[in-house]
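Any read-out appearing in this document is the output of simple, stated calculations on the displayed coordinates, not a laboratory observation. Predicted, not measured: the structure shown is a model, and the values here were computed from it. All Cβ positions, glycine included, derive from the backbone under ideal geometry; neighbour counts span all protein chains shown.
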Amino acid sequence: MNQSYIFRILVAANLVLQLLFMLPTSSWYADPLIEKSIILDGHGAILNWETPIISQISMFGSLAASIGMLFFKNWARYLYLILWFYGWIATLLFGLRVIVPALGFIGMTIGTIDGMVLYLAFLSELRLKFKKAV
C-alpha cells in the first residue's frame, strides 16, 4: 500500500472515531453505579465540554481538517495540528474526567492515529503532496 492510501484511511478512521467519542454514553451501561460515576465527569472544570462553543470548535474543526486532509490541502494539516494542540491544552481545563472504558479505548486509539497522521503530514515524503496542492 502506498502512503497516500494509508494516510486517507487513517484520517477517515480518526474522524469516525471522533464522532463516536462525542456520542452520549448514558445508554451504554445499565449499572446505576456507573451512571452516578459518570455524573462526576467534568467536576471542577474551568471549561465545560457541554459549552457549545467548546465542543463545536473541536467537532467542526475536525470535520473541516479531515476533509481538507483527504484532498491534501496544506491549510488542513495546520488546522489539524492546531486542533491537536487545542486538545492537549483543553485537557488541563476540563476538570476531573470520568469516562466509560469503551470511550477510553476510543480516545487512546484517536491519540495513536493522530500521531501517525501528523507524522505522515509533516515529516514523511507525503508532506510534499500538501505543498503541491494549493
(message) Using the Karplus curve 6.51 cos²θ - 1.76 cosθ + 1.60 with θ = phi - 60°, what ³J(HN,Hα) values do you get for each residue of the stretch 57-73, in whole Hz, with x for Gly and Pro?
(response) 4, 5, 5, 6, x, 5, 4, 5, 5, 5, 5, x, 5, 4, 9, 6, 7
(message) Testing the spin-label approximation: label points 7 Å from Cα along Cα→Cβ at residue 86 and residue 33. State their distance in nm.
(response) 3.8
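Going by a ≥ b ≥ c, the root eigenvalues of the Cα gyration tensor, does the stretch 93-134 fall in the rounded group (a/c under 1.5), the prolate group (a/b larger than b/c) or the oblate group?
Prolate, since a/c reaches 1.5 and a/b exceeds b/c.
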(message) Can you compute the modelled spin-label distance between residue 53 and residue 131, with each label point 7 Å from Cα toward Cβ, in nm?
(response) 3.7
(request) Within 10 Å of each residue's Cβ, count the other Cβ atoms and sort 125, 35 from fewest upward. (result) 125, 35
(request) Can you tell me how much longer the chain between residue 16 and residue 78 gets when fully stretched, taken as 0.36 nm per residue apart minus their C-alpha distance, in nm with one decimal? (result) 20.3 nm
